[in-house]
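K.L.:
Structure below; questions to follow.
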Amino acid sequence: MKINPNLLSIQLERKVTLSKNIDDEKQKALSSEVRQNSLDGKKISQQDLKVKDEKENKNFDSSLNKSSAYQEIFKLKELDFSNMSIKELYNIVRNVNEMEKKYTMTYGDDEPVRLNKLGNPIISKHTEDMNSLEAKLSILSYGKGNVDPDKKINVMEYLSSSSEKLDNLTKEFPDNPNYQVRASFMKEIINTFDKFISDDSLDLYQEKASLLLADKIEEVDIFI
């Protein structure tokens with residue numbers, strides 16, 4: 001799961017160039033407005049218009065930062081996954097999955113293409129694993145498990161303990177395939193969660209969110 005570094009570089013350079021061009025155009029517009037107001041007999045300085053423009057930009061930036069999904073993504077490395085409720089973790093994973101879906105729709109999937117039996121492309125293994133993690137946490141967040149979804153716990157310890165219990169049931173009832181399937185699924189969940197909270201993954205999520213947020217700012221600037 002890697003972002004093409006050239007893509008990030010090109011996109012960010014394009015945004016810097018566009019931002020500079022927009023700033024130049026705004027400066028020309030401000031100077032023109034000052035000259036027009038002088039002709040009309042109005043005493044409005046260029047500094048007054050600059051302050052007005054900065055205030056408008058500050059209000060816009062503040063409204064963008066109210067996106068709960070992006071706020072949580074930018075704070076991922078500050079979170080303590082060893083002291084977190086299932087509901088909290090579920091909301092975080094759901095928001096990350098929503099962000100990644102938007103990123104894929106915008107830039108394409110960074111993961112290798114997979115094909116089904118008919119030769120049609122299907123979602124990547126990473127997306128499938130993250131969807132499974134979200135689904136598992138969704139079930140637990142509604143209290144359908146042996147854990148209080150509102151209680152702060154060490155999530156990895158809880159998942160490991162659940163996996164150990166399923167392994168014991170598999171040994172105790174070797175003829176019951178249900179336990180084997182559940183034990184295997186839980187191991188996949190643990191592996192996915194372990195990758196999800198790694199520094200590399202958290203950095204990558206923040207890079208993707210930053211790129212999408214920069215696109216959002218660019219789109220608004222273009223149509224102002």
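Only the coordinates and a few stated rules stand behind these numbers; no lab work does. Owing to the predicted nature of the structure, the values given are computational and were not obtained by experimental measurement. Note that each Cβ is placed from the backbone with ideal geometry, even for glycine, and that neighbours are counted across all protein chains shown.
K.L.:
For the pairs K75/K195; K75/K187; K144/K195; K75/K102; K77/K125; K87/K136, note any where the Cα-Cα span goes beyond 22 Å.
P.N.:
Long pairs (Cα-Cα over 22 Å): K75/K187; K144/K195; K77/K125.
K.L.:
Take the Cα radius of gyration of the stretch 140-191 and divide it by 2.2 N^0.38 Å, with N its residue count; two decimals is plenty.
P.N.:
1.20
K.L.:
Tally Lys/Arg at +1 and Asp/Glu at -1 over every other residue whose Cβ is under 15 Å from the Cβ of K152; what's the total?
P.N.:
So the environment of K152 carries a net charge of -3.
K.L.:
Multiply the residue gap between S138 and K187 by 0.36 nm, knock off their C-alpha separation, and tell me the result in nm, one decimal place.
P.N.:
15.9 nm
K.L.:
Could I ask something else about it? Can you tell me the alpha carbon radius of gyration of the stretch 73-184 divided by the globular rule-of-thumb value 2.2 N^0.38 Å?
P.N.:
Here the Cα radius of gyration is 1.28 times the empirical estimate.
K.L.:
Right, another one. Between Y158 and T106, what is 0.36 nm times their sequence separation minus the Cα-Cα distance? Round to one decimal in nm.
P.N.:
Gain on stretching Y158 to T106: 15.1 nm.
K.L.:
Given the options G119, P149, T192, identify the residue whose Cα lies farthest towards the positive end of the charge dipole of the stretch 108-224 (+1 on Cβ of Lys, Arg; -1 on Cβ of Asp, Glu).
P.N.:
P149
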